[in-house]
Amino acid sequence: MASFVRTAKTTFLDGQFPVLKDVSFEITKNQNWAVVGAVGSGRTTFLKCLLGSYTPSPATSFKYPFLSGTDKSHWQTIQFLDFQTSGLQRAAYYSERYHSYRDEREDTTLQRWLSDAYRGPEEKALEKVRHAASITRLESLLDSSLINLSNGQSRRAMLAVKLLLEPKMLLLDEPYSGLDVASRSIVSDLLGSMSDASSPKIVLSLRQQDEIPDFVTHIVELKNHEITYQGTRDKYKPFYNPIVSSKPQLEEATPPKIGGPIVEMNNLNCTYWGRNVLQNINWTIKEGERWYLSGSNGSGKTTLLAFALGDHPKLFATDIRFFGKFVGPGTGISIFDIQENVGHCSPEIHTHFPKEFTCREALLSAWSTTFTIPKETESRSKTISKILDELNIRKFENTPLSQLPIGMQRFILFCRAIIKSPRLLVLDEPFQGVDTEYMHLAHKWLNKNLLPSQAMVIISHYEEEIPACVNASACIHQGKLRVNT
Ligand SMILES: Nc1ncnc2c1ncn2[C@@H]1O[C@H](COP(=O)(O)OP(=O)(O)OP(=O)(O)O)[C@@H](O)[C@H]1O
């Protein structure tokens, strides 16, 4: 078979503006390519050049040889998936997914969503949908409502939809972020076998710290929208300094002071449609404790944190105390009081956050309990200024989030979570898509600046994303919480 894509000294233009210059590149049948680089290096742009989203100059320098002699266009045969804007039905507001009742007319199950995406002969639809769900390990969730899927399950669902479209080439932007270790290896094996058989040919983008999957044979490395390496994997030497990529240690850390309980859960249960997602959970988060909460995709981490944040609709039927008080009128604590004292970031918040906010407005919105921009007082302004400098985001101060790479948007939402020094800081996969340099800046900041009494819970599927200041850990498995002491 002829090669998939060939460019010869091509400049790709977005209108008049060159997004990548002088690219000579080819993907042949027996090659599996990964595009590697930091956030903002041009990885997504590179994939979009292959997709045909930009104008090649000279026009004749860019070809899809695999299409010659067919009546298909590249739009019909190449799919791009960035796991962000791919049309997965989301909740109207971010805690809506925790409700167990939903209007059936409004609701879409995974099965219905996959069937709607399928374009082939109707009599084959069921078989194809089941196959796509099975290879992405979603069979048992076919009857689930889309908005109830966990973050990792949603990402696999988006992949299933693209596979149903049976593309010849599939461009995947960071396919492994948010997946647990087992899913990463399953998805990697799946992508490898499909790419080897050119069914479809896979090109994926990876952050510089991501492990390069075994099936990848060739690498393009980008820095500031320029190619810094292109060739076989065995000759590739990453440009970044390995010393920079080791995790910051607790050098200047202020030691935590373990104090009274912030959240106390007693015998907490959560059942959806007869399935016990959380069972008899007893967990106390005390002042000064910094927890690492682990568990595979769909194990219930985000659901458990929804309780800890006072966000879960079953809160009132649960034995849970915040700062020593039950939620309720009179001597109880209000949801507003809880929210005033927590800082939170998560992939769900990122999905719902208004991307038209500038970085400064996003930080200021930390002083509002909704996604709105409150008044800027002198002291808020001072705190914002400090964070902009300490976390090296001053240069993005007046840039709307929509104009920043996804990883940088996530990083800014991390900064929004920490900015008020909340009594409880909940970081649910804060570094998904964030590159090493910024993640380490965040680690250093947490190690050094968390107040001794501040409590923190962090979730991640990557060990290297857990800062050194963590001093406690717990794991959810089959609905039970195992606390490691
Ligand atoms: N409202 C709901 N109705 C039915 N099932 C639900 C609902 N909310 C969550 N679930 C299911 O509960 C399980 C736990 O979801 P949760 O988001 O807490 O997992 P997680 O551990 O955070 O996963 P991930 O690592 O993928 O983010 C999942 O299987 C999810 O599909």
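The values are calculated or read from the model by the stated rules, or taken from the named source; none is laboratory data. Owing to the predicted nature of the structure, the values given are computational and were not obtained by experimental measurement. Note that we place each Cβ from the backbone using ideal geometry, even for glycine, and neighbour counts take in every protein chain shown. Ligands, DNA and RNA are stripped out before the accessible areas are found, and what is left, the full protein with its side chains, is counted by its heavy atoms. Shrake-Rupley method; radii C 1.70, N 1.55, O 1.52, S 1.80 Å.
Any residue that is surrounded by fewer than 21 Cβ atoms within 10 Å (Cβ to Cβ) and of a type in the set (K, R) - is there at least one of those in segment 389-399?
Yes: segment 389-399 contains one or more residues that are surrounded by fewer than 21 Cβ atoms within 10 Å (Cβ to Cβ) and of a type in the set (K, R).
Run down I419, I459 and say which single residue is within 16 Å of the ligand (Cβ to nearest atom) and either within 23 Å of A253 (Cβ to Cβ) or open to solvent by less than 20 Å² (accessible area, probe 1.4 Å) (or both).
The match here is I459.
Considering only segment 27-52, state which residues are free of Cβ contacts under 8 Å to residues at least 40 places away in the same chain and in contact with a helix residue (DSSP H, G or I) (Cβ under 9 Å, 6 or more places away or on another chain).
G52
Testing I219 on (1) away from the ligand (no atom under 16 Å from the Cβ); (2) open to solvent by 40 Å² or more (accessible area, probe 1.4 Å), one condition comes back false. Which one is that?
(2)
May I ask you to verify whether W291 is more than 30 Å from N32 (Cα to Cα) and open to solvent by less than 50 Å² (accessible area, probe 1.4 Å)?
yes
Looking only at segment 70-123, filter to residues that are at pLDDT 90 or above and in contact with a Lys or Arg (Cβ under 6 Å, 6 or more places away or on another chain); which one of those is farthest from the ligand (Cβ to nearest atom)?
Selected residue: T77.
Which one of these is more than 20 Å from the chain's Cα centre (by Cα), over 21 Å from L67 (Cβ atoms) and either within 16 Å of the ligand (Cβ to nearest atom) or open to solvent by less than 20 Å² (accessible area, probe 1.4 Å) (or both): S198, S140?
Among S198, S140, only S140 is more than 20 Å from the chain's Cα centre (by Cα), over 21 Å from L67 (Cβ atoms) and either within 16 Å of the ligand (Cβ to nearest atom) or open to solvent by less than 20 Å² (accessible area, probe 1.4 Å) (or both).
Among all residue pairs at least 6 apart or on different chains, which show Cβ distances below 9 Å where the first residue, located in segment 108-136, is outside the structural domain of E166 (by TED's automatic domain parsing) and the second is open to solvent by less than 50 Å² (accessible area, probe 1.4 Å) and at pLDDT 95 or above?
Final answer for the pair search is none.
Looking at I212, I186, I227 in this structure, which one is in a strand (DSSP E or B), in contact (Cβ under 8 Å) with a residue 12 or more places away in the chain and not basic (K, R)?
I227 is the lone residue from the list that is in a strand (DSSP E or B), in contact (Cβ under 8 Å) with a residue 12 or more places away in the chain and not basic (K, R).
For segment 317-353, give me the residue count where each residue is in a helix (DSSP H, G or I) and within 16 Å of the ligand (Cβ to nearest atom).
Of the residues in that region, 7 qualify.
Just name the residue that is modelled with the lowest pLDDT out of those in segment 308-341 that are open to solvent by 20 Å² or more (accessible area, probe 1.4 Å) and among the β-branched types (V, I, T).
T331
Would a scan of segment 168-175 turn up a residue that is within 16 Å of the ligand (Cβ to nearest atom), under 23 Å from V36 (Cα atoms), of a type in the set (A, V, I, L, M) and touching a residue at least 12 places away in the same chain (Cβ under 8 Å)?
No, because not a single residue in segment 168-175 is within 16 Å of the ligand (Cβ to nearest atom), under 23 Å from V36 (Cα atoms), of a type in the set (A, V, I, L, M) and touching a residue at least 12 places away in the same chain (Cβ under 8 Å).
Going by the conditions given, is I281 open to solvent by less than 70 Å² (accessible area, probe 1.4 Å), in contact with an Asp or Glu (Cβ under 7 Å, 6 or more places away or on another chain) and among the aliphatic types (A, V, I, L, M)?
no
So S294 passes all but one of these: (1) closer than 30 Å to N449 by Cβ; (2) within 8 Å of the ligand (Cβ to nearest atom); (3) among the hydroxyl-bearing types (S, T, Y). Which condition number does it fail?
(2) is the only condition that S294 fails.
Table: residues versus (1) open to solvent by 20 Å² or more (accessible area, probe 1.4 Å); (2) under 16 Å from V220 (Cα atoms).
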residue: A2; (1), (2): yes, no
residue: K21; (1), (2): yes, yes
residue: V35; (1), (2): no, yes
residue: D71; (1), (2): yes, no
residue: I78; (1), (2): no, no
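Can you pull out every residue in segment 5-55 that is hydroxyl-bearing (S, T, Y), assigned to a loop (DSSP other than H, G, I, E, B) and closer than 18 Å to F83 by Cα?
Selection gives S53 alone.
Pull up segment 391-416, narrow it to residues that are under 16 Å from the mean Cα position of the chain (by Cα) and not in a helix (DSSP H, G or I), then point me to the one that is farthest from the ligand (Cβ to nearest atom).
Checking each candidate, the answer is L404.
Run down E361, E348, E429, E376 and say which single residue is among the charged types (D, E, K, R) and on the phi > 0 side of the Ramachandran plot.
It is E429.
Check segment 185-194 and report whether any residue there is β-branched (V, I, T) and either open to solvent by 10 Å² or more (accessible area, probe 1.4 Å) or under 25 Å from L142 (Cα atoms) (or both).
yes
For a quick check of your reading of the model, give me the residue pairs whose first member lies in segment 143-155 and is open to solvent by less than 10 Å² (accessible area, probe 1.4 Å), whose second is within 6 Å of the ligand (Cβ to nearest atom) and outside any loop (DSSP other than H, G, I, E, B), with beta-carbon atoms closer than 7 Å and at least 6 apart or on different chains.
Pairs that qualify, where the first residue is open to solvent by less than 10 Å² (accessible area, probe 1.4 Å) and the partner is within 6 Å of the ligand (Cβ to nearest atom) and outside any loop (DSSP other than H, G, I, E, B), are I147/R97.
Please tell me if P58 is open to solvent by 70 Å² or more (accessible area, probe 1.4 Å) and over 28 Å from the mean Cα position of the chain (by Cα).
Yes, satisfied.
Just one of (1) under 26 Å from the mean Cα position of the chain (by Cα); (2) away from the ligand (no atom under 14 Å from the Cβ) trips up N280, so point out which.
The one condition N280 does not meet is (1).
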